[in-house]
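Any read-out appearing in this document is the output of simple, stated calculations on the displayed coordinates, not a laboratory observation. Owing to the predicted nature of the structure, the values given are computational and were not obtained by experimental measurement. Here the Cβ positions follow ideal geometry from the backbone for every residue, glycine too, while neighbour counts run over all protein chains shown.
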Amino acid sequence: MSPYIHERIMEASGIFGKYELYEISPEELPKYAPILMKDLTGFNITIPHKVSILPFLDDVAPMVKEYGAANTVCGKIGYNTDVDGFLSCNIPMKDKKVLLLGAGGVARMMAIEALKAGAELSIWTRSSEKALALVTECKGKGYEKVSAVESPEEAAYDTVLNGTPCGMWPNVHDIAPHLSALKKDGTFFDTIYNPCPTKSCMQVRANGGTAVSGLKMLLNQAIAAEKIWAPDAHFDDERLAEILPDVRKKLWEKNPIKIVLTGFMGAGKTTIGRKIADDMKIPFLDLDERIEQIAGCPITEIFKKDGEETFRRMEHDVLKAVLETPGAEVISLGGGVLTNPENSRLLKESKALVIYLKADADTIWERVKDDTTRPLLQASDKETAYRNMCARLESREASYEEGSDVILQAGDPVEVVYDRMKNLLLP
């Protein structure tokens, strides 16, 4: 993503330049570091070179001395703009109870910044030795309000910082460890930006909390680097802010995410799905409509002519084909898709994130009671149809919850639910 991001920043700021990727192995660094510093205005360094570049530099900024790593070079001076990117996200840490997940390079930076802000910091890693080592390092810098924890769920944290790779593409169904330790109205920061949003971010937002994606940090650390390389350029905050949605869209093009909406009939999957796909600027697909196109007749006729079992087999085949189709999409599922365990397995093994639009029986009934196109509402009278609908909803509830990554309350008016969906996917 870096060439696209930097070229957009340069375009917005009137900088004439080009940003290219160079793949250099650790063994080649001694040969190429002097050449890069001589021939280029500046460059970024990523792992595994953030520490090994230091001996080739004449000087380093204070942040590099503090964190022992550089990610930006200008002339022969090293800088660390990861800090700028993180701080620009304005994560609440001052006097807060903060849980840090992980102890790698980016986690180390977040640990020190949290302690600088006056946070009471708890550190969790899968390796207790690494957590204790980071605690010792922080205390060696004069910070005392820091400790390692093994069971974070026993405490409620105002802020959780994720420095682990959990949820990173292609493992989109994974979530950050111990996310349940976050207060309901707390703030979650995820250094992972691919996919955007992560399942962790969506779950926090769906539960009423605030979640910030690492995409904003990625963009802002790049802006900070450009300011080092071109200090006399005009950096307009409004123009730079317009880049973030385009970066997100570009990311979806490179790593196509499929957002799948499930739930009972009348939950709003198609209505909400079309609107959010338009906002995301990616295609929308209604699985039932695709089945009708292939069958050449309405679903009601398939039910009457061939029965529900035949329809469900067709539904499975079409879902499989849709999930295998390249490109990002918002997909609306029929209400019975997840009752088939094979469909749930397909979704769990795919790179699709499933959102369950959950509404109660009475709300659904008010929305669908006069719809004659619904096969499951065909009955001799409205009372029977209502009872049948309630029984079917109850029988499917568990499959919706088990088969989804996120549950979104959908019992309110469409406009309210739509706003919730936007907050989930496009904060």
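Points worth noting:
- Mean-position separation - Cα centroids, the stretch 312-369 and the stretch 118-179, in angstrom: 35 Å
- Taken along the Cα-to-beta-carbon direction at a fixed 7 Å, the label points for Lys422 and Asp246 span 2.2 nm.
- Charge dipole of the chain (Cα centre as origin; +1 on each Lys and Arg Cβ, -1 on each Asp and Glu Cβ, all else neutral): 460 debye, rounded to the nearest 20.
- Per-residue Cβ neighbour counts within 10 Å put His234, His173 in the sequence His234, His173, beginning with the fewest.
- A simple spin-label model places the labels of Tyr4 and Lys183 3.7 nm from each other, with each point 7 Å out along Cα-to-Cβ.
- Angle in degrees between helix 105-116 and the longest Cα principal axis of the chain, rounded to the nearest 10: 80 degrees
- Hydrodynamic radius of the stretch 90-216 by the Kirkwood approach over all distinct alpha-carbon pairs: 14.2 Å.
- The label-point distance for Asp232 and Asp59, in a model that sets each label 7 Å from Cα toward Cβ, rounds to 2.0 nm.
- Rounded D (µm²/s) - the chain, Kirkwood Rh over Cα pairs, Stokes-Einstein at 25 °C, 0.890 mPa s: 102 µm²/s
- Computed over the chain: relative contact order in percent, which uses C-alpha pairs under 8 Å that are six or more apart: 14 percent
- Measuring nothing but how far apart in sequence close Cα pairs (under 8 Å, 6+ apart) lie, relative to its length, the stretch 256-425 scores a relative contact order of 34 percent.
- Crossing angle, helix 243-254 versus the chain [Cα axis fit, 0-90 degrees, rounded to tens]: 70 degrees
- Here is the list for the stretch 115-191: trypsin sites (Lys or Arg not before Pro) lying in DSSP coil, each with at most 16 other C-beta atoms within 10 angstrom of its C-beta, are Arg126, Lys141, Lys145.
- Only beta bridges with both residues in the chain are counted; by DSSP, about 15 percent of them are antiparallel.
- Ordered by the number of other Cβ atoms lying within 10 Å of each residue's own Cβ, fewest first, Phe311, Phe16, Phe188, Phe235 fall into the sequence Phe16, Phe235, Phe311, Phe188.
- Counted residue by residue at 0.36 nm each, then reduced by the alpha carbon distance between them, the extension gain from Asp306 to Arg367 reaches 19.2 nm.
- Mean Cα-pair separation over length for the stretch 90-216, i.e. relative contact order, pairs under 8 Å, 6 or more apart, %: 22 percent
- Legend: P(r) of the stretch 272-427 from all alpha carbon pair distances, 5 Å bins from 0, whole percents, reading 1, 8, 16, 20, 22, 19, 10, 3, 1, 0.
- In degrees, nearest ten, helix 414-425 long axis to first principal axis of the chain (Cα): 40 degrees
- Against the empirical 2.2 N^0.38 Å (N residues), the stretch 265-347 has a Cα radius of gyration ratio of 1.10.
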